[in-house]
1. Here are the criteria: (1) within 23 Å of T326 (Cα to Cα); (2) surrounded by fewer than 19 Cβ atoms within 10 Å (Cβ to Cβ). Tell me which single one S408 does not satisfy.
2. If E212 passes every condition in (1) in contact with an Asp or Glu (Cβ under 7 Å, 6 or more places away or on another chain); (2) not in a helix (DSSP H, G or I) but one, which one does it miss?
3. Among A206, A197, which is the only one that is open to solvent by less than 70 Å² (accessible area, probe 1.4 Å), in the same structural domain as A122 (by TED's automatic domain parsing) and out of contact with any Gly (no Cβ under 8 Å at 6 or more places or on another chain)?
4. Kindly indicate whether any position in the range 340-354 is within 15 Å of I396 (Cα to Cα), open to solvent by 10 Å² or more (accessible area, probe 1.4 Å) and in the same structural domain as V262 (by TED's automatic domain parsing).
5. Is it true that some residue in the range 84-98 is part of a helix (DSSP H, G or I), within 17 Å of L174 (Cα to Cα), among the hydrophobic types (A, V, I, L, M, F, W, C) and free of Cβ contacts under 8 Å to residues at least 60 places away in the same chain?
6. Determine which member of the set I118, I110, I125 is open to solvent by less than 10 Å² (accessible area, probe 1.4 Å) and either of a type in the set (V, I, T) or closer than 30 Å to N324 by Cα (or both).
7. A260 versus (1) under 17 Å from S391 (Cα atoms); (2) among the hydrophobic types (A, V, I, L, M, F, W, C); (3) modelled with pLDDT under 80: which is the lone unmet condition?
8. Does Q175 count as farther than 30 Å from N324 by Cβ, open to solvent by less than 30 Å² (accessible area, probe 1.4 Å) and not basic (K, R)?
Amino acid sequence: MQYIPNILFVIALVAGVGYFAKNIRKVIRNIRLGKDVDRTDNKNERLGNMVRIALGQSKMVRRPIAGILHILVYLGFIIINIEMLEIIIDGIIGTHRVFSFLGGFYDFLIGTFELLAITVLAVVIIFWVRRNVIKIKRFWSAEMKGWPKSDGDLILYFEMVLMTLFLVMNAADLQLQQLGAAHYVEAGAYPVSQYIAPFFEGMSTAALIMVERTAWWLHILGILVFLNYLYFSKHLHILLAFPNTYYADLKPKGQMDNLASVTKEVMLMMDPEADPFAAPAEEESDADPEKFGASDVLDLNWVQLLNSYTCTECGRCTSECPANQTGKKLSPRKIMMDTRDRLQEVGANIDKNGSFVDDGKQLLNDYITTEELWACTSCNACVEACPVSISPLSIILDMRRYLVMEQSAAPTDLNNMMSNIENNGAPWPFNQMDRLNWSQE
């Protein structure tokens, strides 16, 4: 009977970690549905970006208040969960505070964890107030209704509960230590929970053990639930921010990719020795020619799909977007959220059918409208603002390419400009012979 708690703990741990691993495999599978793109160059620069941006949060502090508060939560939550190692060992082998033999260093660790816990709790409350009382504009955009808003609040409630359970667990433990209860060795420093412990005075040892054990179990089970909640939440960025910043595009932000197939045609046209009647290599095979641009998530590359899963929905991109600021429909955040939602839908289709079966939907029009795509000024403000190096612009440009090169569906003004360039060598509707007429006046 004495081993039942240990057995239950192992079952909960294996189930929680196993379910998380299963869902992470789905995420990796979905990301790999994207087209291949080489991001193996400049490894030192990429590693530096990952350390500076993902680990160091360097782009977060461009908005100092939100950035510093986020760093406090990030560091606090990560460091506090170092104690998970002790909890896991205790849960498996039935010990209590197995690292207490570390003496003074253990006291320092527990004391630090408590100070960080109360800091995280305070900051999370501030975040909740910013979202729900002050109602900062970027958290109340059209795409943030329903689940996205609930998700943002739910994660804050999770963190509040987990930090509170941690402090209650320690407070009950401290009271049991002072009572000399068996199994509760005197260890740790409790700069915060020592002020909670007096609330438990007068309780029997059995009742205190019940409080401590309940808080302990709820704390570990809450962390396992939180771990698995990440898959369904925007907070998957806690993990994916690291590979996302590593594999981010290193080219100057104003430099756009050229389609290899188009570049090849242009070079062929400029080569006086080329045979214009020679069949291109892709026409010699039975394979369908590659689509220009993207109309669905399977046309995007794997880094763009990784971007969609990494989006934090913070709204910094949308708040910096000049098109959005002037009332246009475009929201770079919505572009990323729509891409992720469609990718999840495609992944569920594969789970159900074994391989993707055409569902009559696509990213273009069913999720993202042409109005949104053509509202973009290609200024890269969204890319510059993103704290985890996401590029909504790259998806917008690929979808525009599809509209122009596959559907000839460019706006009238753009078609006129391209016709003028073709006929007059300039965007304006003036004959080349008349260009210098202005100088004669």
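The values are calculated or read from the model by the stated rules, or taken from the named source; none is laboratory data. These numbers were taken from a predicted model, which means no experiment stands behind them. Counting neighbours? That spans all protein chains shown, and the Cβs are built from the backbone with ideal geometry, glycine included. Only protein heavy atoms, including side chains, enter the accessible area calculation; ligands, DNA and RNA are left aside. Shrake-Rupley method; radii C 1.70, N 1.55, O 1.52, S 1.80 Å.
1. If we test S408 against (1) within 23 Å of T326 (Cα to Cα); (2) surrounded by fewer than 19 Cβ atoms within 10 Å (Cβ to Cβ), just (1) comes out false.
2. Failing condition for E212: (2).
3. On inspection, the qualifying residue turns out to be A197.
4. Yes, there is a match, as at least one residue in the range 340-354 is within 15 Å of I396 (Cα to Cα), open to solvent by 10 Å² or more (accessible area, probe 1.4 Å) and in the same structural domain as V262 (by TED's automatic domain parsing).
5. So far as the range 84-98 goes, yes, one or more of its residues are part of a helix (DSSP H, G or I), within 17 Å of L174 (Cα to Cα), among the hydrophobic types (A, V, I, L, M, F, W, C) and free of Cβ contacts under 8 Å to residues at least 60 places away in the same chain.
6. Among I118, I110, I125, only I110 is open to solvent by less than 10 Å² (accessible area, probe 1.4 Å) and either of a type in the set (V, I, T) or closer than 30 Å to N324 by Cα (or both).
7. Unmet for A260, out of (1) under 17 Å from S391 (Cα atoms); (2) among the hydrophobic types (A, V, I, L, M, F, W, C); (3) modelled with pLDDT under 80: (1).
8. On the way: farther than 30 Å from N324 by Cβ: yes; open to solvent by less than 30 Å² (accessible area, probe 1.4 Å): yes; not basic (K, R): yes.
Taking the combined requirement at face value, the residue satisfies it.
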